[in-house]
Each structure stands twice: as structure tokens, then as C-alpha cells.
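The values are calculated or read from the model by the stated rules, or taken from the named source; none is laboratory data. In this text, all values refer to a predicted model and were calculated from it rather than measured experimentally. Ideal geometry is used to build each Cβ from the backbone, glycine not excepted, and the neighbour counts take in all protein chains shown. Note: areas computed on protein heavy atoms with side chains; ligands, DNA, RNA excluded. Shrake-Rupley method; radii C 1.70, N 1.55, O 1.52, S 1.80 Å.
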Amino acid sequence: WFKDGFCAEEIEQSARTGVSVYRLLDGLAERTDGMGDLIALPHFAGALSPESDPSATGALYGLTLSTTKGHIARAILESVGFMLRENVESLERLGVAVETVRSLGGGARSRLWSSIKADILNRPVATMETEEATALGAAMLCAVSLGWYGSVDEACREISRIAETHRPDADRAPEYERKYRLYRALCRRLREARDDMRTNGGQRRG
């Protein structure tokens, strides 16, 4: 959404140089300090986990005249980290210990994004040698069924390998803790405001 709607310059530069447009946006985000109060809520198509809310919408909070495209790009990357932390905390409340998070898919190509996630989660984030885990998982199940490996666990040990581990920066953790609390508060208060508007609007129409 952000790339297509606001990054025509980077799209043109990518076509001209062959450098991924997402890498160019990472560069913009990396050149910001990342420690301002700009917060993005990434619920552009509703929210599914850890709380299902199909009516949730996205938002940008903290825009000023000093806000740049790079600040917005970074806020979007951070917002996914905040949402990931919500899910990790939900698992922990159920008694599931989460020591390391493994990042998969195209987003795992961004070293900046993995580092941001590690700082927000305050735990290591590992990227894998094979990014497309769905196809790899299907291949592993086929290999087990053909008898090439004795079990799925054995196939995982032999085939699924970590490429790089990003560890949290202790200096950044306190500031990301503050931003995470602000993110949670914004999610809650905007949901309350939306629900209040619907309730009062319905009463007025009645």
C-alpha cells in the first residue's frame, strides 16, 4: 500500500538500477533515528490475531512537519513488530515459551526489519537459508513419506537451517518498550472511539 501509493520515485529508481524497491525503502527507514513517536497501526484489512476484529482500520499517529517518507516506512516496519509481539505475549499467556522467533518469506530478506523485530521482541530473530517455508515444508513431508528421512523431526534438523540470527540491542529495548505501550494504547482507544461512534450514531438515527 505504502509503496504503490507514495513511492513512485523509489519504484522508478528500482526499475532503472535493478535494486529492489523494498531495499530502497529500507534505506530510507534506516537513515531515520526510529525513536520518535510516530506510530502506525497496520490493520489495513482488519485484524485477525491475537484479537479478531474485521472492522479494525489502519492509522498513523504522531505526524509532524518533520515527518519524512523514511519515518513512515520505519513506522510501518515497527508496527508489524508490535503486532508480532502481541502474538508472542498471547502464546506466553497460554504457557508457551518463546525463546527465538524465526522470520520467513520475502520480509525475511530485510535485515533492518529483522533487527527491528528483535529489538521490539527483546529476543533473537532468526532468518532461514530457505525463505519460502511453505514449499520447503511440503518437500520435507514428501521426503519423509518416501523414506528419505525417518521422521519429520529428522528432516527438520537436516534441511531447515538458520542463515542469520539478529539479537536485540539492549540500548534500544527501553524505547521500544515505551513505543509498544503507546501502540497498544492507541489500538485500544481507537477501537473504543469507533465503537462509541457506532453506538451513538445508531441511537441518533433511532
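Based on alpha-carbon positions alone, could you give the equivalent ellipsoid semi-axes of segment 139-206 from the gyration tensor, as √(5λ), descending, whole Å?
Values: eigenvalues 481, 131, 8 Å².
Each semi-axis is the square root of five times an eigenvalue, giving 49, 26, 6 Å.
Using the basic label-point model (7 angstrom from Cα toward the beta carbon), what is the Glu132 to Asp195 distance in nanometres?
Label at Glu132, label at Asp195, 4.2 nm between them.
If you take every DSSP beta bridge whose two residues both sit in segment 34-141, what share of them, in percent to the nearest 5, is antiparallel?
Numbers: 4 of 8 bridges.
Counting only bridges with both partners in segment 34-141, antiparallel ones make up about 50 percent.
Given a Förster distance of 22 Å, report the FRET efficiency between Glu175 and Arg123 from their Cβ-Cβ distance, rounded to the nearest 0.05. All intermediate terms of the calculation are to be shown ahead of the outcome.
Working: r = 17 Å, r/R0 = 0.75.
Plugging the Cβ-Cβ distance into 1/(1 + (r/R0)^6) gives 0.85.
Largest first and in whole Å, give the semi-axes of the chain's equivalent ellipsoid, each being the square root of 5 times a Cα gyration tensor eigenvalue. Please list the in-between numbers first.
On the way: eigenvalues 218, 116, 67 Å².
In descending order, the three semi-axes are 33, 24, 18 Å.
For a quick check, take a GNM of the chain with Cα springs below 10 Å and name the residue from Pro54, Pro168, Pro124 with the largest mean-square fluctuation.
Answer for the Gaussian network model of the chain: Pro54.
What FRET efficiency do you get for Arg93 and Ile159 if R0 is 35 Å and r is their Cβ-Cβ distance, rounded to the nearest 0.05?
Working: r = 32 Å, r/R0 = 0.92.
So the FRET efficiency works out to roughly 0.65.
Report the full-extension gain for the segment Leu182 to Thr57: residue separation times 0.36 nm, less the Cα-Cα distance, to one decimal in nm.
Working: separation 125, 0.36 × 125 = 45.00 nm, distance 1.68 nm.
Gain in length upon complete extension: 43.3 nm.
So, with a 1.4 angstrom probe, what is the percent of accessible area on segment 146-194 that is carbon and sulfur? List each step's numbers first, then the result.
On the way: 1620 of 3340 Å².
The nonpolar share, carbon plus sulfur, comes to 48 percent.
Taking the Cα centre of each part, how many Å lie between segment 11-57 and segment 65-85?
One Cα centre to the other: 6 Å.
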